[in-house]
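Visitor: For reference, the structure I am asking about is given below.
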Amino acid sequence: MTSLGGTDLVDWNLAVSTATRITRPGPEVSRDEARAIVAELRGHASASEAHVREFTGLGSGAVDTPVLVVDRLGWVRANVAGFRAVLQPLMARMRERRSGLPGGAALTMVGSKVTGVEVGMLLSFLSSRVLGQYETFAPASPSLPAGGGPGVAGAGRLLLVAPNIVHVERELDVHPHDFRLWVALHEETHRTQFTAVPWLRDHLESEIQAFLGEADVDPATLLERFRQAAQSMTGRGQEGQEEAAGPAGEGDGGLGIVDLVQTPRQREILDRLTAVMSLLEGHADFVMDGVGPAVVPSVAEIREKFTRRRQTGAGRLDRALRRLLGMDAKLRQYRDGERFVRQVVEQAGMTGFNKVWTSPNTLPSKEEISRPEQWVARVKPTAA
């Protein structure tokens with residue numbers, strides 16, 4: 001990773017080193033156990049591809065995307081690469097704007113260090129919780145290959161975070177083989193979504209860049225907002241609010257990252273992105289549970305225990321972080337999106353539901369996610 005010095009809002013090297021310093025490695029396993037776990041996860045990912053394609057009726061696409069079994073720091077490094085790729089246009093705009101400001105270089109150097117530490121802390125927190133991820137935008141590197149070749153942000157890669165999978169299967173006291181396959185089914189569904197629907201990646205990137213394009217690029221303003229986010233993360237300035245807090249964005253007084261740079265135009269874009277992410281996550285949950293009974297004997301027990309775990313936090317700081325990172329909103333995406341997919345499939349069958357992947361115009365709106373009958377009436381998925 002090349003050194004960015006003070007040229008960006010975030011010192012990405014410092015973010016990685018901060019995460020490296022504070023991230024715990026995960027549960028203890030022997031070397032032989034670790035090898036066996038990695039081999040099993042890769043095998044499950046390969047087997048899941050056929051299960052998902054058969055159940056959904058979606059092809060795998062022409063792009064070969066790698067499956068990487070990583071540890072927590074491997075997940076951090078992969079996501080830093082992804083953030084850098086996605087945020088590059090915004091950073092370029094900020095550099096251009098700062099170039100003529102008195103003291104701009106000094107402000108950038110100090111600010112990038114502060115945000116580098118904070119981003120490292122956030123990534124460290126998340127790295128112990130993510131089980132898997134289809135990474136859509138990250139460029140390849142020698143240690144983290146991606147479909148499309150070195151330096152190309154195009155085809156994506158599937159990450160399975162082995163320490164976290166082992167941690168959760170032990171915590172839930174479920175059958176390791178079944179749980180690992182169950183997780184692989186969810187993540188493989190995401191890979192199938194993007195490889196079988198060629199326009200989906202570009203559409204998402206366009207929406208994200210439109211969102212960032214509306215951002216206030218004044219460095220002092222953005223740094224102040226990141227400072228507020230950091231205070232929210234550590235609980236400073238919000239004492240007494242955590243116990244009574246509700247879900248993010250419902251008047252709880254908490255500050256979420258997505259609230260830091262929003263304009264009215266951004267809110268419109270965010271509504272569309274929320275709908276797409278609800279669709280993708282809900283579809284993955286639906287597929288995971290649809291395929292599960294045939295190939296995962298203990299799927300009912302796993303789903304019950306895992307859902308209960310999703311809905312509970314681990315204390316005051318954990319709840320504050322969940323609000324800050326929008327994780328409560330993500331839980332609603334799983335629930336609302338799965339209900340949308342299930343109701344449409346019940347009405348129109350899987351073939352009818354798959355009309356959702358026809359073009360950006362057939363994606364559901366945020367309102368349609370909550371009211372599937374509106375999407376059915378608009379798209380008419382049962383029509384020939």
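Visitor: Using mean Cβ contacts within 10 Å as the protection proxy, how do 26-34, 184-192, 349-357, 281-289 order, highest first? All intermediate terms of the calculation are to be shown ahead of the outcome.
Guide: Details: 26-34: 12.0, 184-192: 26.2, 349-357: 17.6, 281-289: 23.7.
Highest to lowest by the protection proxy: 184-192, 281-289, 349-357, 26-34.
Visitor: Once amide H atoms are built 1.01 Å from N in the peptide plane, which residues 5 or more positions from V69, or in another chain, come under 5 Å H to H?
Guide: L160
Visitor: Going out from 0 in 10 Å bins, what whole percent of all Cα-Cα distances in region 24-88 drops into each bin?
Guide: Percent of Cα pairs in each bin: 16, 33, 33, 17, 0.
Visitor: So what does E40 come to for accessible area, using a 1.4 Å probe and Å² rounded to 10?
Guide: Number for this one is 50 Å².
Visitor: Moving on to the next point. Apply the Karplus curve 6.51 cos²θ - 1.76 cosθ + 1.60, θ = phi - 60°, to the phi angles in region 19-33 and return the couplings in whole Hz, x for Gly and Pro.
Guide: 4, 4, 6, 10, 7, 7, x, x, x, 7, 9, 6, 4, 5, 4
The values are calculated or read from the model by the stated rules, or taken from the named source; none is laboratory data. Keep in mind that this is a model prediction, so the values were computed, not measured. Note: ideal-geometry Cβ built from the backbone for every residue, glycine included; neighbour counts use all protein chains shown. Surface accessibility is based on the protein's heavy atoms, side chains included, excluding ligands, DNA and RNA. Shrake-Rupley method; radii C 1.70, N 1.55, O 1.52, S 1.80 Å.
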